[in-house]
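Input: a single structure, listed below in structure tokens.
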Amino acid sequence: MTERKRFTFTTATKNFLTFNSREVRSDLERWDLFNRISLATFTYNEYFKDYQAKDFVKDFFRDPVVQASLKVYSSNSQQLVTWGSHEIKECQIEAVPCTVTSMEFFDRLKVKGLVRDSGAIYKCIDEDVRGFLISDELHRMVLSEESDHWELFSEAERSQLLFLLFKHLVLGGPICQYDDNIDRYLEVTKALYKELITVQKNSETKAIEIVSKVLRVSAWDDEICWFPGDPHDQTFCYLIINPVNRIVTTFSHDFGKGVW
């Protein structure tokens, strides 16, 4: 049996102009996300096929260039630090659908009891849901099946990368300052989505199509999750793969612990 050829990775330079813009940085800092999010880009040697996802991810996390380049959040120093060398025995992989091409996807949020036409978010009685103290209906909608607005989005729609990015921004970090208006959540979601994914025009239909393949991943050694961190709704790592140009971008965040 012929031994498969391993995927190898090389660091690539990409300027994340949206992420590092003054306006978006201010938003992410207010939501306690900026210093906890890590972005990195790599090129790889072999063309990627969907059925190779498990091998691709294992090779990625075991690659010495990747281990020396990825950043993780340190709760001790309260900053991103180099991940370093780790023995990776297993990887968890979940394919994330990424097919939405219009922000009209979120138009349904402006309904009575959830979001006003002005963008103002309806308040609710303070409630703890899955470890988050929520005080408005938008947070209830993204977190709780008991929300009156849970069914605005189907399970399939909630699994879309666009929805997940929106949800991560809304929930924020451990000392997040929530917004009272939905506008910046939507604007930053749109900007990050456009920066992370790759699109092309279908030569026949002329429609815009997303070519990126997205995986939600984690790297483990027995019972220890080395990357991105201890399991949590807001601890995540997405690999956004451009199979045409053989480029992969990591978008990760470790909820960690707040400063108390």
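Out of R130, R116, one residue alone is touching a residue at least 24 places away in the same chain (Cβ under 8 Å) and open to solvent by 20 Å² or more (accessible area, probe 1.4 Å). It is R130. Could you list, in sequence order, all residues of region 95-133 that are assigned to a strand (DSSP E or B), under 21 Å from the mean Cα position of the chain (by Cα) and among the β-branched types (V, I, T)? Once the filter is applied, which keeps residues that are assigned to a strand (DSSP E or B), under 21 Å from the mean Cα position of the chain (by Cα) and among the β-branched types (V, I, T), region 95-133 yields V96, V129. For region 62-89, the tally of residues that are touching a residue at least 40 places away in the same chain (Cβ under 8 Å), open to solvent by less than 40 Å² (accessible area, probe 1.4 Å) and touching a Phe, Trp or Tyr at 6+ places or on another chain (Cβ under 7 Å) stands at 6.
If you check L70 against the conditions, is it in contact with a helix residue (DSSP H, G or I) (Cβ under 6 Å, 6 or more places away or on another chain) and at negative phi? Give the steps one after another, and end with the answer.
Numbers: in contact with a helix residue (DSSP H, G or I) (Cβ under 6 Å, 6 or more places away or on another chain): no; at negative phi: yes.
So L70 fails the test.
The residue pairs whose first member lies in region 93-112 and is more than 22 Å from L196 (Cα to Cα) and open to solvent by less than 50 Å² (accessible area, probe 1.4 Å), whose second member is assigned to a loop (DSSP other than H, G, I, E, B) and aliphatic (A, V, I, L, M), and whose beta carbons are closer than 6 Å, counting only pairs six or more residues apart or on different chains, do not exist in this structure. Checked against the criterion of being crowded, with 17+ Cβ neighbours inside 10 Å, touching a strand residue (DSSP E or B) at 6+ places or on another chain (Cβ under 9 Å), of a type in the set (D, E) and closer than 18 Å to N242 by Cα, the candidates D50, D59 yield just one match: D59. Applying the set (1) within 19 Å of L33 (Cβ to Cβ); (2) at pLDDT 95 or above; (3) touching a strand residue (DSSP E or B) at 6+ places or on another chain (Cβ under 8 Å); (4) not aromatic (F, W, Y) to I134 leaves exactly one unmet item: (2).
The values are calculated or read from the model by the stated rules, or taken from the named source; none is laboratory data. None of the values given here were measured: they were computed from a predicted structure. Note: ideal-geometry Cβ built from the backbone for every residue, glycine included; neighbour counts use all protein chains shown. Protein only, heavy atoms only, side chains kept; ligands, DNA and RNA dropped before computing areas. Shrake-Rupley method; radii C 1.70, N 1.55, O 1.52, S 1.80 Å.
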